[in-house]
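Notes follow once the structure below has been shown.
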Amino acid sequence: MATHLFPVLLWRDASGGVTGLLAGDYRNASACGGTAQEVLKQLGEALAWRAEHESWSIDPELLEPQLREVKVDVRAQYKDESGRRLIPSPETVTLRVPCVTGKAENGLPVCEVPVLELRFHFHNEAQLKELVRHYVKDHLTGMTPADLALKLPPRGAWLDQVSVREVAGSTRQVLMREREDMRVLFTVADPLLHDRGQGSAAYGRDAQVATVLRKLTTERAHVLLVGEPGCGKSTIIADAARRMARLTRDDEGDPSMRTWRCWRGSGARMIAGMKYLGQWEERCEEFIQKLSEIEGVFCAENLLELLRVGGAEANDSVGAFLLPFLQRRELRMIAEASPAEVDACRRLMPGLLDVFQIVHVPAFGDSEARGVLDRVAHACATSGRLEFTPGSVALVYRLFRRFQPYAAFPGPASAFVRKLAENAGRRPPDSRRVSTDDVLALFIQQTGLPELLLRDELPLPLEEVRESLAAQIIGQPSAVDAAARVITSIKAGMTDPARPQGVLLFCGPTGVGKTALAKAMSDFCFGSGTEKERLVRLDMSEYGGWGAAHRLLHAPDGDAASWIQKLRLQPFSVLLFDEIEKAAAEVYDVLLGLLDEGRLTDRFGRVTDFRSAIIVMTSNLGATTRGAMGFGADSTPPEFEGAVKKFFRPEFFNRLDAVVTFDPLAQAHMRKIALKELHDLSRREGLAASGLTLNWSEDLLAALVRDGYDHRFGARPLQRALERLVVTPLAKWRLKNTAVRDAALAIGLENGATTIRTR
């Protein structure tokens, strides 16, 4: 019987005892005791139980372990009175972070920070320390001193190991005896029933599970599950596989292979590492042959993906190669796809769909969805020995239904409930409960929506939103009012769930705050989560000329453009199309569906949803008329909306919620803008980290107002004047006076030159 060694990170705790954490372990198993021997004994007993009951999970995930210590300088952060802005602490804290390095099973170098549950691969030994600093700082970003104190790593840690011996006759032992023959299966796929992410039951899908089970066992057919992403297709497949394993009789082949009949993989894994012509085809044939020997079923993660990899066209793809084997029943397969992906498959290769029997997975109704979430929460509470307080699960349903109405249940919502349970499971046993505050905190973290928009009991007067935006956007009361109305509509739940949260066209001269207002809306609506930057900006002057629509939607490698991928990962964002009038006419046709239904479908049938986003477009249309420069007013103000109607086709114009007009800036606004820029400059990290504050003279302010004025370019020249008169001299002074801390700096002008003095 094989014996495996697991690395254990040990350290002395404050009570004088020893704490141990299993490195290279996906469950982060830990133990405490009076001595190191007691800790190792506890962890050994836990691993022995796994070897007997979960034999597939006892492979060490970290080979040849070594202990290293990396110094990481981190800075705590405080929240200001508004709770929206983070202010860095003037002092840094040096942490000595224990890291365990080694090799993964595939031979790649890997590094773990067990006390922070961090794990990453690296290639260059010389960059390891810098990578550790990067990941640790990223993990601790935004933490207050109290939060940071709970994350302090132990001092004087050391590395030991615990051994575990496999149980004779286990399924794993049977497989290990044939490991060389089974290697192709493990290379291309993973055994479905031993996948750590497939442990939940298909609540509310008994009919679909029974149908899939009948088609797989009695009819021995190929099955395709069709439903919207998140409706539970993968869970149905896993549940059907579990039932199929229980129904298999001992005389049907090798009984130890019952739970190893279903193998989940993808086309990308089929071709991974294959460089030469015919290599991946040979691997596929070996995979099919071995799977047939054990009467296995290939569970494809995505049917459309099989047609996208392997060749330039669908006829050269992995799916095309597998089709003859499917038709001859040499390969049995079950796959999943969305309705849009089914349509794409039908266009690319109709014959592939003909071999499948389709099982439709409908969306849940309201009562069914709530019932499924209750069952998921109950299962998490039972297994994790924790509690969901009354109203917490109902709040999860309400938040997802209101702010992500397009997301199919139970997928994202049930994953959210499991994440809540996982977070609560890390707490002390007497405080393992999930409250409504926990639900809101995690939803804010993931979406960036502020608590004001999520809590119905908290009022959000229109005037309060106006004041918040007007503090950042000077001299544009009508534009600020239009943006504030959009935000209050989101708060009141009055936006159309079938469209984006808002579609606005900002029109006005250059340099008057159009882009700045989009950024302010992004910060107000989505700036409360861990990811602060929620503005996705596209310069539409780059999408003119031939092929503009293709360049807008696709990356050079044929995949979705980077901005689409960003919105897929984080749909709660402000999408800014800057200078929209400079785009090619074909781009407007592409955007019609996005502006109207909030959906964008690529040629492979993949849908990107924009119904949680705010769409903002900027334009200078009408700004070239007399009196429409960046400063000053004229008796004949420009007619922006008329210029917009004249330029865009009616079907495009009618999809706009509002045309927001920006006025030329008056001379009186310049002083306020300059003061705002100086205040923003004083909060930059280079000054705040050293405790330096700025004071400026009236002469300097007057020079900024004078040099930053240009009637053609609005407030844009102010940035250049600020850089020349303040930023550059301040940077030079800071480099010469690095020892100066916690001081006030007085900046002024003498004979046209900037002077800096300490007080």
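Quick check: is even one residue across region 311-325 surrounded by fewer than 17 Cβ atoms within 10 Å (Cβ to Cβ) and in contact with a strand residue (DSSP E or B) (Cβ under 8 Å, 6 or more places away or on another chain)?
We begin by selecting, within region 311-325, every residue surrounded by fewer than 17 Cβ atoms within 10 Å (Cβ to Cβ); these are 311-313, 315-316, 324.
Right, trim to in contact with a strand residue (DSSP E or B) (Cβ under 8 Å, 6 or more places away or on another chain) and you get none.
No, region 311-325 contains no residue that is surrounded by fewer than 17 Cβ atoms within 10 Å (Cβ to Cβ) and in contact with a strand residue (DSSP E or B) (Cβ under 8 Å, 6 or more places away or on another chain).
With the structure loaded, tell me whether Thr447 is touching a Phe, Trp or Tyr at 6+ places or on another chain (Cβ under 9 Å) and not basic (Lys, Arg) or whether it fails that test. So Thr447 passes the test. Has region 647-662 got any residue that is under 20 Å from Gly475 (Cα atoms), crowded, with 18+ Cβ neighbours inside 10 Å and not β-branched (Val, Ile, Thr)? Yes, that holds for at least one residue. Only residues that are within 17 Å of the chain's Cα centre (by Cα) and surrounded by fewer than 22 Cβ atoms within 10 Å (Cβ to Cβ) were counted in region 511-527, giving 1.
Name the residue that is modelled with the lowest pLDDT, counting only residues in region 460-482 that are of a type in the set (A, V, I, L, M) and not in a helix (DSSP H, G or I). So that I can check it myself, show each step before the final result.
Filtering region 460-482 for residues of a type in the set (A, V, I, L, M) gives 460, 462, 465, 469-471, 473-474, 479-480, 482.
Add one more test, that the residue is not in a helix (DSSP H, G or I), and what stays is 460, 471, 473-474.
Working: Leu460: 83, Ala471: 86, Ile473: 88, Ile474: 86.
Looking at residues that are of a type in the set (A, V, I, L, M) and not in a helix (DSSP H, G or I), I get Leu460.
Within region 440-447, can one find any residue that is among the polar types (S, T, N, Q), open to solvent by 20 Å² or more (accessible area, probe 1.4 Å) and free of Cβ contacts under 8 Å to residues at least 60 places away in the same chain? So far as region 440-447 goes, no, none of its residues is among the polar types (S, T, N, Q), open to solvent by 20 Å² or more (accessible area, probe 1.4 Å) and free of Cβ contacts under 8 Å to residues at least 60 places away in the same chain. Within region 124-136, residues that are open to solvent by less than 50 Å² (accessible area, probe 1.4 Å) sit with their Cβ atoms under 8 Å from residues that are assigned to a helix (DSSP H, G or I), at 6+ positions apart or across chains, in these pairs: Val136/Leu116. The set of residues in region 289-304 that are part of a helix (DSSP H, G or I) and crowded, with 21+ Cβ neighbours inside 10 Å comprises Leu291, Leu303, Leu304. Under the condition of being buried (at least 17 other Cβ atoms within 10 Å of the Cβ) and part of a strand (DSSP E or B), the residues counted in region 395-436 number 1. Every condition in (1) at pLDDT 85 or above; (2) under 23 Å from the mean Cα position of the chain (by Cα); (3) of a type in the set (Asp, Glu) is met by Glu542 except one, and the failing one is (2). Pull up region 739-755, narrow it to residues that are in a strand (DSSP E or B) and over 12 Å from Thr693 (Cα atoms), then point me to the one that is least open to solvent (accessible area, probe 1.4 Å). Filtering first and then ranking leaves Gly748. None of Leu95, Leu118, Leu108 is surrounded by fewer than 17 Cβ atoms within 10 Å (Cβ to Cβ), at pLDDT below 90 and touching a helix residue (DSSP H, G or I) at 6+ places or on another chain (Cβ under 8 Å) except Leu118. Restricting the first member to region 372-389 and to residues that are closer than 23 Å to Cys231 by Cα and in contact (Cβ under 8 Å) with a residue 60 or more places away in the chain, and the second to residues that are open to solvent by less than 90 Å² (accessible area, probe 1.4 Å) and not in a helix (DSSP H, G or I), the beta-carbon pairs closer than 6 Å and six or more apart or on different chains are Val372/Tyr203; Val372/Gly204; Val372/Pro410; Arg375/Tyr203. Among the residues of region 346-390, those that are within 29 Å of Leu440 (Cα to Cα), hydrophobic (A, V, I, L, M, F, W, C) and in contact with a helix residue (DSSP H, G or I) (Cβ under 6 Å, 6 or more places away or on another chain) comprise Leu373, Val376, Ala377, Cys380, Leu386, Phe388. Out of curiosity, is Arg220 under 18 Å from Arg243 (Cα atoms), open to solvent by 60 Å² or more (accessible area, probe 1.4 Å) and at pLDDT 75 or above? Taking the combined requirement at face value, the residue satisfies it.
Criterion first (open to solvent by 10 Å² or more (accessible area, probe 1.4 Å), modelled with pLDDT under 90 and among the basic types (Lys, Arg)) does Arg485 satisfy it? Show your work before the answer.
On the way: open to solvent by 10 Å² or more (accessible area, probe 1.4 Å): yes; modelled with pLDDT under 90: no; among the basic types (Lys, Arg): yes.
So Arg485 does not fit the description; no.
Please tell me if Arg499 is among the charged types (D, E, K, R), surrounded by fewer than 22 Cβ atoms within 10 Å (Cβ to Cβ) and not in a helix (DSSP H, G or I). Walk me through how you get there before you give the answer.
Numbers: among the charged types (D, E, K, R): yes; surrounded by fewer than 22 Cβ atoms within 10 Å (Cβ to Cβ): yes; not in a helix (DSSP H, G or I): yes.
Here the answer is yes, as Arg499 does meet what is asked.
Name the residue that is surrounded by the fewest Cβ atoms within 10 Å (Cβ to Cβ), counting only residues in region 712-732 that are at pLDDT 85 or above and more than 37 Å from the chain's Cα centre (by Cα).
Just the residues of region 712-732 that are at pLDDT 85 or above, to begin with: 720-732.
Then drop every residue that is not more than 37 Å from the chain's Cα centre (by Cα), which leaves 721, 724-726, 729-730, 732.
Values: Ala721: 19, Arg724: 14, Leu725: 21, Val726: 21, Pro729: 16, Leu730: 20, Lys732: 12.
Checking each candidate, the answer is Lys732.
Only one of the numbered conditions (1) closer than 30 Å to Leu326 by Cβ; (2) in contact (Cβ under 8 Å) with a residue 40 or more places away in the chain is violated by Leu395, and that is (1).
Can you pull out the residues in region 567-622 that are of a type in the set (Val, Ile, Thr), open to solvent by 10 Å² or more (accessible area, probe 1.4 Å) and over 25 Å from the mean Cα position of the chain (by Cα)? Val590 - this is the single residue of region 567-622 that is of a type in the set (Val, Ile, Thr), open to solvent by 10 Å² or more (accessible area, probe 1.4 Å) and over 25 Å from the mean Cα position of the chain (by Cα).
Test Ala335 against the stated conditions and say whether it is in contact (Cβ under 8 Å) with a residue 12 or more places away in the chain, part of a helix (DSSP H, G or I) and among the small types (Gly, Ala, Ser). It would help to see each step written out before you state the result.
Values: in contact (Cβ under 8 Å) with a residue 12 or more places away in the chain: yes; part of a helix (DSSP H, G or I): no; among the small types (Gly, Ala, Ser): yes.
No; evaluated as a whole, the condition is false for this residue.
Show the residue pairs meeting these rules: Cβ distance below 8 Å; 6+ apart or different chains; first residue within region 514-540 and part of a strand (DSSP E or B); second residue at pLDDT 90 or above and basic (Lys, Arg). From region 514-540, the pairs are Leu535/Lys519.
Take the conditions in contact with an Asp or Glu (Cβ under 7 Å, 6 or more places away or on another chain), hydrophobic (A, V, I, L, M, F, W, C) and not in a loop (DSSP other than H, G, I, E, B) and apply them to Leu592. Does it pass? In short, yes.
Looking across region 381-394, the residues that are open to solvent by 50 Å² or more (accessible area, probe 1.4 Å) and assigned to a helix (DSSP H, G or I) come down to Thr382, Ser383, Ala394.
The values are calculated or read from the model by the stated rules, or taken from the named source; none is laboratory data. Owing to the predicted nature of the structure, the values given are computational and were not obtained by experimental measurement. Backbone-built Cβ (ideal geometry, glycine too); neighbour counts: all protein chains shown. Ligands, DNA and RNA are stripped out before the accessible areas are found, and what is left, the full protein with its side chains, is counted by its heavy atoms. Shrake-Rupley method; radii C 1.70, N 1.55, O 1.52, S 1.80 Å.
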